[in-house]
Structure formats: C-alpha cells, structure tokens
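Since the structure comes first, as structure tokens, the remarks are kept for the end.
The values are calculated or read from the model by the stated rules, or taken from the named source; none is laboratory data. Predicted model only: the values in this text are computed from it and were never measured. Don't worry about glycine lacking a Cβ; one is built from the backbone with ideal geometry, like all the others, and counts go over all protein chains shown. For accessibility, only protein heavy atoms count, side chains too; no ligands or nucleic acids. Shrake-Rupley method; radii C 1.70, N 1.55, O 1.52, S 1.80 Å.
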Amino acid sequence: MSKQDMNASIDFSKMNGLVPAIIQDNNTSKVLMLGFMNEDALAKTEELGKVTFFSRTKNRLWTKGEESGNFLNVVSIASDCDNDTLLIKVNPVGPVCHTGSDTCWNESNSEDVMFLKYLQDFIDKRKEEMPEGSYTTSLFQKGTRKITQKVGEEAVETIIGAMANDDENFLYEGADLLYHLIVLLTHKGYRIEDLARELMKRHK
C-alpha cells in the first residue's frame, strides 16, 4: 500500500481526526507505547521514517525523540480490520518512556534469545570486514573444513558435559557449539533465522 493509499484508508472521523497508534518493537515484539496520530502526523511519520504523533497536550505534531534523540525508526505501518487503529513496528533508539524506561509500562524491552540475532549480525560484520587478529576471521580464512571440524569438536564436548551431568560445562560447550554453528551458517551464506524458518515449517 502506498503512503497516499494508507492515509486515505484510515478512518480519522471516529475520534475527531485522531487514531491510536500502537508502537511495537520490530525485534522483540514488545509493545513500547501508545500515541495518537492525525493525518498530518501519519504523513510526516511516513516522510521522515520516524514516528510522529499529534500531541494533545502540546496541540502540535511531535516527533518522538526530537528532544531526547530517542527516535522510533519505522519498519512498517499497518492498520487494523476497522481501519481506525495503527500498528507501527519500529527499531527504537534508546529508552522509549520519558522516565527512562524501555517502555511506557516500565517493562524491560529485552529477551536473552535476541542476543542470537545480535551475534549473527556481529559475525556477518566480521565476515565482511575480516579484521586481523579476530578468531572469527581466522575461521573464515581457514574455510569449511576447519569450521565444520570445530562444530564437531564442540558437539562432542557438549555431549560429554551432558553425560557427566556437569551443567556448567554443558552450557559452556553448548554456547561454543552454537557460536561455531552460526559461523558455519554465515560461511555458507545463511543466517540463524534460516534455521528458525526451517523449524517453523516443521512445527505442527
């Protein structure tokens, strides 16, 4: 849907020219805040790529982060089935709430599993830049045989830790296994998300 089509499809009449806009983190799916937009705010949001509300207290357009620098960078905008509520997925820059909290409900906007995406992005960058002295760089330089060898070694170490009921070593070696598997995926032109999609296809 084009920007013009999106604006034209939204029913701004129900709330005297305003619609609620639910702001959701694109990576964690955490709801960050709720604001209101009029037609001009939506148009400016689409133009800037940064969430802009109509502030009912200031009685003007207000781009979130215009003072703090904690912008909400837009990933996607969708309307609900009644075309009177917006769902805007964003990549936030810094905390969202004026209190300093990650969300306006004083919730933490982090999930440990999301570190895997960060790690994948980090390893992608290592492959692109190949900095000297990096262990990851050395793996890429040595190629498939060395990387697969390391995956095998770490798998064996993980099994040994599990069989010995050594939980600390099991988790340590399991983390090494996962790291080297992501390196192998990256070397072969894939990402950890490709494994997630494969698992999703199998899930019933």
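Computed over protein heavy atoms with a 1.4 Å probe, the carbon and sulfur contribution to the accessible area of the range 1-122 reaches 50%. Using the Cβ-Cβ distance between residue 138 and residue 169 with R0 set to 41 Å, the FRET efficiency works out to roughly 0.95. In this simple spin-label approximation, residue 113 and residue 34 carry label points 7 Å from Cα along the Cα→Cβ vector, and these lie 2.7 nm apart.
Projecting label points 7 angstrom from Cα along Cα→Cβ for residue 78 and residue 178 puts them 2.7 nm apart.
A cut-off of 5 Å between modelled amide H atoms, ignoring neighbours fewer than 5 places along the same chain, links residue 75 with 89, 90, 91. In straight-distance terms, cross-link reach from residue 127 covers every one of the aspartates and glutamates whose alpha-carbon lies under 19 Å from its own, apart from those fewer than eight places away in the same chain; here that gives 176, 193, 194.
Of the trypsin sites (Lys or Arg not before Pro) found in the range 18-76, the ones in coil according to DSSP and having at most 10 other Cβ atoms within 10 Å of their Cβ are 58. Helix 39-48 and the longest principal axis of the C-alpha atoms of the chain enclose an angle of approximately 40°. Three principal axis extents of the chain based on alpha-carbon atoms, in descending order, are 65, 40, 35 Å. Shape index of the range 77-189: Rg/Rh, with Rg the Cα radius of gyration and Rh the Kirkwood radius from the inverse mean 1/r over Cα pairs, equals 1.15. Given a 1.4 Å probe and the protein chains as shown, residue 97 ends up with an accessible area of around 20 Å². In terms of its C-alpha gyration tensor, the range 100-161 has an oblate overall shape, because the principal axis ratio a/c (a ≥ b ≥ c, square roots of the eigenvalues) is not below 1.5 and a/b does not outweigh b/c.
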